[in-house]
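Throughout, read-outs are computed from the coordinates displayed, never taken from laboratory work. Computed from a prediction, not measured in an experiment: that's the story for all the values here. Because the Cβ atoms are built from the backbone with ideal geometry, glycine has one as well, and the counts that use them run over all protein chains shown.
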Amino acid sequence: MTRDLFILKLHDIEAIKFGNFTLKSGLKSPFYFDLRDMISYPEILNGIVDLIVERIKDIDFDYITGIPYTALPIATLIADITDKPLIYVRKEEKAYGTKNNIIGKFSKGGKCLIIDDLITTGESIIETAEIFKKEGIKVSDVAVIIERSYDARNKLKEIGFNLHSIIQLDEALEILKSYNRISNQQVSDIKKFTRSMTEGNIFGKNFENKLTKKLKEIIALKQSNLVLSLDVDNQNDFFKILDKTAEHIVMLKTHIDTLNDFDDKFITLLHYYSKKYNFLIFEDRKFADIGNTVKNQYRQGVFKISEWADFVTVHAIPGEGILHGLFKGIENRACFLLAKMSSKGNLMNETYSRKVFEMGENNSELVSGYIGHAESKTELRKLKNKIPNGQLLLMPGVKLQKGNDDAGQQYTTVEEAIEGGADCIIVGRGIIESENPGETAKEYKQKAWELYKKL
Ligand code: S5P
């Protein structure tokens, strides 16, 4: 069997699937591999055995093992063809008697070839090799069917193992694409996903901090993606609107310096509402100075923002010192970086946004996500695809209808925002200028959630 045919057959039997999968770690993956059922298809099983036998023909080894369960029957067939003794590590540790974790006959000093179906982190291969090592069996070669992470190859190399794979993820994608089984978009989504998984642990790395997690929990709990931007100039209007809208929102965004009658009571009441209705507080301060200055702006002055706001907005333009200045010594606070503004003619181009994402990824304990706007869902999707896994995209400039204001604000619709990948929509005047802000907030919430659920 050729490698092309093998991959197509795996796709036929749904051992390779594409879509939207939630992994054990909670990460959303655009693809999923599960080769367990392959053993029930003799043609596929024989095909892969032939491909592996061909791949390992120049390797010198005394024993062969397969990592239970999936790779064990495969290794058995290979043992037969290559005429090598089969041994394997029991999956459950033996609870009594001699602590013999290796099944089969072997002598110390022998060399064992390990077979596995998929390699992701390399952890199970390393664990197996450790057990062999304790019993005096050497390991230097590992053969796998699908290699879906490149970091694992380097990790194995560092400890002296050669990895022989039948097919790498990128090759499998190319094959499936050339037979029209998947689209270019899917290929680029998957590549983006695997690229964003760094440091060897393909499914472990997630750039999500505690506050991001909390916000995601509230989104799920309240079934809402709505952030209300409550831009009014007095407390009376502020709390009148908040009272009607609080049950529908996941986060309240403030511009505290536009209130004419700010006092400490404002914060007390704001906290009361945030607890009662379970939303987070987001002061849209847009810090943009050197670390030392923002440190004081954040902690001091009339507003003492660091004391009450869960999140703030930050411009990345001064460099990452701004993040260190803001958050040094402060716990349970995070920010959103401005990646692409909604105002007409803003100077944030693609290169700028990419650098912002890099800064956010490198400081993910402080950065929960990004503010990004695009006129269409295609454009927004492009932006979203560059965002590190686990971090959020919040989109301002959203109304029920497209349009502009007379000061450069550009609006696009809830559909474009959510279908383009926004995790939350930030809505201000669309709600607060309506006759009935409570009803309108509910309408935005429901509309966004319906679309979000379908993704
Ligand atoms: O690019 C941006 C970033 C932000 S945070 N464009 C924005 O409009 N915002 C903020 O979102 C803006 O400061 C305002 O508070 C809110 C949008 O309000 P609206 O009334 O235009 O919906």
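Quick notes on this one:
- Long-range amide H partners of Y63 with built H, under 5 Å: K111, C112, L113
- The distance linking the range 59-83 with the range 321-363 is 51 Å (Cα centroid to Cα centroid, whole angstrom).
- Here the label points at Y179 and Y41, each 7 Å from Cα along the C-beta direction, are separated by 0.9 nm in the simple model.
- The chain: angle of helix 210-222 to the longest principal axis, Cα-based, in degrees nearest 10: 80 degrees
- Neighbour cut-off at most 12 other Cβ (10 Å), DSSP loop, trypsin sites (Lys or Arg not before Pro), the range 257-355: K328, K344
- Residue (of H315, M348, N296) at the positive-pole extreme of the range 243-383, dipole from beta-carbon charges: M348
- The mean sequence separation of alpha-carbon pairs under 8 Å and at least six residues apart, normalised by the residue count of the range 210-454, gives a relative contact order of 20 percent.
- Computed magnitude of the charge dipole of the range 323-455 (debye, nearest 20; Cβ of K, R +1, Cβ of D, E -1): 300 debye
- Take every Cα pair under 8 Å whose residues are at least 6 apart in sequence, average their separation, divide by the length of the chain, and the relative contact order is 11 percent.
- Cβ-derived FRET efficiency at R0 30 Å, E450 paired with K344, nearest 0.05: 0.50
- Rounded tilt (10° steps) of 350-362 against the dominant C-alpha axis of the chain: 70 degrees
- Assuming charge only on the beta carbon of Lys and Arg (+1) and of Asp and Glu (-1), the dipole of the chain about its Cα centre is about 600 debye to the nearest 20.
- Antiparallel bridge percentage (DSSP; both residues within the range 55-157; nearest 5): 15 percent
- Applying a DSSP loop filter and a limit of 14 other Cβ atoms within 10 Å to the trypsin sites (Lys or Arg not before Pro) in the range 358-455 leaves K402.
- The phi-based Karplus calculation (6.51 cos²θ - 1.76 cosθ + 1.60; θ = phi - 60°) puts the 3J(HN,Hα) values of the range 326-334 at 5, 9, 4, x, 10, 10, 6, 9, 8 Hz, whole numbers, x for Gly and Pro.
- DSSP-defined beta bridges in the range 310-455 - what % are antiparallel, rounded to 5: 15 percent
- Where both bridge residues fall in the chain, DSSP classifies roughly 15% of the beta bridges as antiparallel.
- Between the Cα long axis of helix 264-277 and the first principal axis of the chain there is an angle of about 40°, rounded to the nearest 10.
- The H on the amide N of H164, modeled in the peptide plane, is under 5 Å from the matching H of V142, A143, V144, each at least 5 residues off or on a different chain.
- Given charges at Cβ of Lys, Arg, Asp, Glu: the chain dipole, positive-most of G360, I145, F161: F161
- Electrostatic dipole magnitude of the range 210-454 [Cβ: Lys, Arg +1; Asp, Glu -1; Cα centre; debye, to 20]: 800 debye
- Qualifying aspartates and glutamates (Cα of each under 17 Å from Cα of K453; at least 8 residues distant if same chain): E217, E415, E416, E419, D423, E443
- For q = 0.06, 0.08 Å⁻¹, Debye-computed log10 I/I(0) when each Cα of the chain counts as one equal scatterer: -0.37, -0.60
- By other beta-carbon atoms within 10 Å, ranking D60, D34 with the fewest at the front produces D60, D34.
- Annotation: the residues S107, S229, sorted from fewest to most other C-beta atoms within 10 Å of their own C-beta, follow the order S107, S229.
- Options I56, I126, F31, ranked by Cα towards positive dipole end of the range 3-204, top entry (Cβ charges): I126
- Multiplying the residue separation of R429 and K214 by 0.36 nm and subtracting their alpha-carbon distance yields 74.8 nm.
- Contact order normalised by residue count of the range 3-204, Cα under 8 Å, 6+ apart, percent: 19 percent
- Estimated distance in nm for a label pair at K191 and D406, the labels positioned 7 Å out from Cα along Cα-to-Cβ: 4.8 nm
- Ranked S140, S353, criterion: other C-beta atoms within 10 Å, fewest first: S140, S353
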